[in-house]
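Everything below concerns the one structure shown next.
All of the numbers you see were taken from the coordinates with simple rules; none came from a lab. Just so you know, these numbers come straight off a predicted model, no measurement behind them. Here the Cβ positions follow ideal geometry from the backbone for every residue, glycine too, while neighbour counts run over all protein chains shown.
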Amino acid sequence: MENLNLDVLNSFPSVDDKEVDQLYHEALKKLNKKIVVLDDDPTGVQTVHDIYVYTSWDEETMTEGFQDENSVFFILTNSRGFTSDYTKKVHEEIGHTLEKVSKKTGKDYILISRSDSTMRGHYPLETLTLKNTIESHSEKVYHGEIIAPFFMEGGRFTIGNVHYVKEGHHLVPAGQTEFAKDKTFGYKSSHIGEYVEEKTGGIYTAENTTYITLEELRNVDIEGITEKLVAVDHFNKIVVNAIEYSDIKVFTVAYINATLKGRNLMFRSAAAVPKVLGGVTDEGLLEKNQLIESDNSNGGIVLIGSHVNKTTQQFEALKNTVEPMEFIEFNQHLVLVENGLEEEVERVIGVAEEAIKSGQNVVVYTRRERFDLDTEDKDKQLEVSVKISDAVTSIIGKLQVKPSFIIAKGGITSSDVGTKALRVKRALVLGQIKPGIPVWMTGKDSKFPQMPYIIFPGNVGEVDTLKEIVDLLS
């Protein structure tokens, strides 16, 4: 499968934005359902603002989400860091609790399983577990599953049923990128129908998958797309091609029509769908005065756990910030040494606290050579990754001085910092500091209340983006 030139994104006929927006807003008014987004790491809020994210899924928490005035709320599961068995258990709990709270509050819901736009994660385990659990605790039947990995801010586009990742001036088929070589969640297929077939072991096939084309979306063929959606049954898959938000808006109109006709469709998507389906408006990027407490003269801290190539490039660019930073390497390879990680944590904290108290920004980064076990056991590899992540995370958890800001780089790292180190139960998503890079404001119950916590995905941004954020906050 060949790379595409970036110019291909301009080769499709445009739509009348006013017409699409009118259809879209009229359709949203008919959607009287709570939108529940299950996020397998904290990056899924990278398109929304003034929305709450919760870090647990017990009945009390979920009831709070259902009763919130917003149409949408997020539950951070962090399942990207779970074993398959634990992921299944968690999603059974969530499915059961969802139905219980839905009946108690009298509100129906739409379920979005938000995962990485490069199609990594526990798929099809998560959505299949949710389907089976919800159906066993209710009279609901899920007729189909919508797969929509488009995420413009992260350079993720779906054309001709193939998912592409923007690299420089080219679009690279997702199956040929470093993300597809993930030790735990790797895959070979860039064609999403073939990806489904690969991941489900042929239970669901590319041939039986329904494809919503860019041509249909650009022709605003609401009726035709609706008919396609209504025809789907037996939890077969629906692939949505998209290269602009207008494509998702057109699809949303057809989806709502299909819902009103009694079809129950679950989403597996990237971050674009929750924004559009939730009716979240566009908002400008956040500024320093919206984030930093004026009476905090301490330095900030950047924690880098991700090892994707883009993160390493951004890390190198960070060495050229306007204000010099203290760089502290964390040697995760000590995981094989008894008490090695514990001693490394204490060493790093000592250096970091002195610098932060003096007003200097600090970068704690994992040694850049990846540590991979010599094993094909994916769960075993994941367990070691989690052990390393726990150690890195504990650096924030054990800090005695409050930084002026915290930036965490990488999915599992940022989730663990939020839930384990900062002990966040509920956070307000303020918005984005750069496209695709969300900011939480921690609540009163967290380790550092009113702390701007910047969640920087490993695979988002340009080479200088991390440097630009640190310069902005310094």
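Quick look at the values:
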{"quantity": "Value of Rg to Rh for segment 9-168 (Rh from inverse mean 1/r over Cα pairs, i.e. Kirkwood)", "calculated": "0.98"}
{"quantity": "Burial ordering of Asp295, Asp41, fewest other beta-carbon atoms within 10 Å first", "calculated": "Asp295, Asp41"}
{"quantity": "Ascending count of other beta-carbon atoms within 10 Å, so fewest first, for Arg370, Arg156, Arg218, Arg423", "calculated": "Arg370, Arg423, Arg218, Arg156"}
{"quantity": "Structure-based [θ]222 nm, the chain - -39500 (n - 2.57) summed over DSSP H runs of at least 4, per residue, nearest 500", "calculated": "-10500 deg cm²/dmol"}
{"quantity": "Relative contact order, percent, segment 4-277 [alpha-carbon distance under 8 Å, six or more residues apart]", "calculated": "25 percent"}
{"quantity": "Antiparallel DSSP beta bridges within segment 288-473, percent to nearest 5", "calculated": "30 percent"}
{"quantity": "Centre separation in Å (Cα based) which lies between segment 188-222 and segment 138-186", "calculated": "11 Å"}
{"quantity": "Sorted largest first, extent of segment 293-439 alpha carbons per principal axis (Å)", "calculated": "50, 33, 32"}
{"quantity": "37 °C / 0.692 mPa s Stokes-Einstein diffusion coefficient of the chain, Kirkwood radius on C-alpha pairs, µm²/s", "calculated": "144 µm²/s"}
{"quantity": "Kirkwood Rh, Cα atoms: Rg over Rh of segment 4-277", "calculated": "0.94"}
{"quantity": "Per-residue Cβ neighbour rank within 10 angstrom, fewest leading, Val362, Val45", "calculated": "Val362, Val45"}
{"quantity": "For peptides 7-15, 193-201, 331-339, 401-409, sequence by mean Cβ density within 10 Å, most packed first", "calculated": "401-409, 193-201, 331-339, 7-15"}
{"quantity": "Kyte-Doolittle mean at least 0.5 and Cα axial length at least 30 Å: DSSP H helices in the chain", "calculated": "none"}
{"quantity": "Alpha-carbon centroid distance for the pair segment 398-474 / segment 1-53, whole angstrom", "calculated": "24 Å"}
